[in-house]
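**Q** Let me give you the structure first, and then I'll get to my questions.
The values are calculated or read from the model by the stated rules, or taken from the named source; none is laboratory data. Computed from a predicted structure; not experimentally measured. In this analysis, Cβ positions are derived from the backbone assuming ideal geometry, glycine residues included, and neighbour counts consider all displayed protein chains.
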Amino acid sequence: MKKTNIKMLVEGAVMVALAIVLSFIRVYKLPWGGSITLLSMLPICLYSIKYGVGKGLCAGFVFALFQFIQGITDGLFGWGLSIGMLLACIFLDYLLAYTVIGFAGIARKGGAVGWIFGTIFALLLRFGCHFLSGVVIWKSFGELWNGFSTDNTYLYSLLYNGAYMLPEIIFTAIGAFALFKIPQARKLLTSEE
């Protein structure tokens with residue numbers, strides 16, 4: 001195996017490990033579910049920015065497997081879902097939702113705008129997975145905030161998932177931009193060798 005392949009694999013492992021650690025640091029936990037983490041998706045975005053979408057998707061998939069395992073420990077199998085709904089939930093809310101973070105490198109050669117666009121694009125894809133899951137699998141409705149409730153499944157899913165994903169998207173994009181502005185970080189993340 002070439003030295004550069006080993007370096008790439010090690011960097012991928014480190015970024016996935018960092019993403020896992022950051023996913024445990026919850027800045028804010030919403031009362032109805034979901035939480036805002038301390039830039040837990042940024043390491044996967046940065047890996048994708050450095051090595052491209054293909055390798056980013058691989059790192060995202062490894063991160064997705066961990067998120068799925070964490071979901072099991074959080075009681076995923078105790079939510080009362082049918083087998084079909086459970087499989088769809090595993091696919092949409094875990095495997096696909098976290099794997100698509102690897103699309104952050106889609107415009108990696110576009111400078112700061114490319115980094116921000118790729119990061120926002122990838123995290124919007126993740127949001128889309130959760131939104132679709134909320135509409136198709138959970139079909140939830142009811143009260144979100146004190147006194148505010150809705151019987152519209154689409155609106156409920158949009159508000160429920162948007163409440164934690166919008167801040168995550170904003171903070172992660174700011175993190176990517178901040179790292180782009182640091183010359184040493186930019187040089188490290190734009191050199192594949």
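**Q** Taking the options Ile49, Ile83, name whichever one is of a type outside the set (Asp, Glu) and touching a residue at least 24 places away in the same chain (Cβ under 8 Å).
**A** Ile49
**Q** If I ask for residues that are closer than 21 Å to His130 by Cα, in a helix (DSSP H, G or I) and touching a residue at least 40 places away in the same chain (Cβ under 8 Å), which ones from the range 17-46 would you list?
**A** Selection gives Ala19, Ile20, Ser23, Leu42, Ile44, Cys45.
**Q** I'd like to check something: does the range 122-136 contain any residue that is part of a helix (DSSP H, G or I), touching a His at 6+ places or on another chain (Cβ under 8 Å) and closer than 17 Å to Ala64 by Cβ?
**A** No, that holds for no residue.
**Q** I've got another one for you. Does Ile90 qualify as being within 17 Å of Gly134 (Cβ to Cβ) and touching a residue at least 12 places away in the same chain (Cβ under 8 Å)?
**A** So Ile90 fits the description; yes.
**Q** Which one of these does Lys139 not meet: (1) farther than 30 Å from Gly12 by Cα; (2) charged (D, E, K, R); (3) in contact (Cβ under 8 Å) with a residue 40 or more places away in the chain?
**A** (3)
**Q** Let me ask something else about it. With respect to Gly34, determine if the residue is touching a His at 6+ places or on another chain (Cβ under 9 Å) and either among the hydroxyl-bearing types (Ser, Thr, Tyr) or on the phi > 0 side of the Ramachandran plot (or both).
**A** yes
**Q** Quick check on the range 155-193: of everything there that is within 18 Å of Val135 (Cβ to Cβ) and aliphatic (A, V, I, L, M), which residue is nearest to the chain's Cα centre (by Cα)?
**A** The selected residue is Met165.
**Q** Quickly run through the range 167-181 and pick out the residues that are surrounded by 15 or more Cβ atoms within 10 Å (Cβ to Cβ) and either aromatic (Phe, Trp, Tyr) or free of Cβ contacts under 8 Å to residues at least 40 places away in the same chain (or both).
**A** Phe171, Phe180 - these are the residues of the range 167-181 that are surrounded by 15 or more Cβ atoms within 10 Å (Cβ to Cβ) and either aromatic (Phe, Trp, Tyr) or free of Cβ contacts under 8 Å to residues at least 40 places away in the same chain (or both).
**Q** Could you figure out which of (1) touching a helix residue (DSSP H, G or I) at 6+ places or on another chain (Cβ under 9 Å); (2) closer than 19 Å to Arg126 by Cβ isn't true of Ile25?
**A** Among (1) touching a helix residue (DSSP H, G or I) at 6+ places or on another chain (Cβ under 9 Å); (2) closer than 19 Å to Arg126 by Cβ, the lone unmet condition for Ile25 is (1).
**Q** Continuing with the same structure: Please work out if Gly114 is among the small types (Gly, Ala, Ser), in a helix (DSSP H, G or I), surrounded by fewer than 20 Cβ atoms within 10 Å (Cβ to Cβ) and out of contact with any His (no Cβ under 8 Å at 6 or more places or on another chain).
**A** yes
Rundown of residues vs (1) at pLDDT 95 or above; (2) small (Gly, Ala, Ser); (3) out of contact with any helix residue (DSSP H, G or I) (no Cβ under 8 Å at 6 or more places or on another chain), yes/no style:
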position: Asn5; (1), (2), (3): no, no, yes
position: Glu11; (1), (2), (3): yes, no, no
position: Ile20; (1), (2), (3): yes, no, no
position: Lys29; (1), (2), (3): no, no, yes
position: Ser35; (1), (2), (3): no, yes, no
position: Pro43; (1), (2), (3): yes, no, no
position: Leu46; (1), (2), (3): yes, no, no
position: Ile49; (1), (2), (3): yes, no, no
position: Val53; (1), (2), (3): yes, no, no
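**Q** Still on this structure, I have one more. Could you identify the single residue in Ser149, Ser133, Ser140, Ser157 that is among the small types (Gly, Ala, Ser) and exposed (fewer than 15 other Cβ atoms within 10 Å of the Cβ)?
**A** Exactly one of Ser149, Ser133, Ser140, Ser157 is among the small types (Gly, Ala, Ser) and exposed (fewer than 15 other Cβ atoms within 10 Å of the Cβ), namely Ser149.
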